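Here is the structure we will look at, set down as structure tokens.
The values are calculated or read from the model by the stated rules, or taken from the named source; none is laboratory data. These numbers were taken from a predicted model, which means no experiment stands behind them. For neighbour counting, all protein chains shown are included, and Cβ atoms are generated from backbone atoms with ideal geometry for every residue, glycine included. Keep in mind that these areas ignore ligands, DNA and RNA; they rest on the heavy atoms of the full protein, side chains included. Shrake-Rupley method; radii C 1.70, N 1.55, O 1.52, S 1.80 Å.
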Amino acid sequence: MKISESSYQEIRKLIGSAIEQYRKPQEQSVVTDIHIQPVRETGEVNVSDDDNVLLSTRLSDLSEIPEDIFYDVMEKSIRSVLKQIDREQPLEKLAIWKPFSFVLVDDDMETITELMLFDDDNTLLNQGLMQGLEEDLDKFLNDLLEI
């Protein structure tokens, strides 16, 4: 299941507008995370920094997404939006001290998943990139020692 194209575009506009203040040349902000909070029951999507709600919108079709897959659908959609915004205007150039993250949060502002992480050297699209790394390194080391 996917969100509608109109909801996708509205989320893209929301996130783009919310982070625009961090594109202006200024002293770097000490924000550590940009929180994206979709609320299934109300259809609200809020974008906030560590302290303040930056922008909010209401989407009528969010309540149609089954509860058991709601955050999975939203994660994929928002991650896609962030990738698109990043291709057009790199997010690593935001005036925010690194490291900082875009984080999907639930109704209680608890982290569901880290969508993108920016540090001084890398951009990680999600934690899934690091999953299995330890096992791969162990296998590589074992193979190397057998030679």
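Some points to look at:
- Considering the range 1-45, and only residues there that are farther than 19 Å from L117 by Cβ and of a type in the set (A, V, I, L, M, F, W, C), the residue that is surrounded by the fewest Cβ atoms within 10 Å (Cβ to Cβ) turns out to be M1.
- Matching entry among S48, S77 (being small (G, A, S), under 17 Å from the mean Cα position of the chain (by Cα) and over 19 Å from F118 (Cα atoms)): S77
- Selected residue [open to solvent by less than 80 Å² (accessible area, probe 1.4 Å), in contact with a Lys or Arg (Cβ under 8 Å, 6 or more places away or on another chain), at pLDDT 90 or above and of a type in the set (S, T, Y)] from S101, S77: S77
- Contact map, the range 47-60: residues that are surrounded by fewer than 20 Cβ atoms within 10 Å (Cβ to Cβ) paired with residues that are assigned to a loop (DSSP other than H, G, I, E, B), Cβ distance under 6 Å, separation 6+ or inter-chain. Pairs shown: D50/V31; D50/T32; R58/G43; S60/G43.
- Scanning the range 80-98 for residues that are in contact (Cβ under 8 Å) with a residue 60 or more places away in the chain and either open to solvent by 40 Å² or more (accessible area, probe 1.4 Å) or charged (D, E, K, R) (or both) turns up S80, Q84, Q89, K93, W97.
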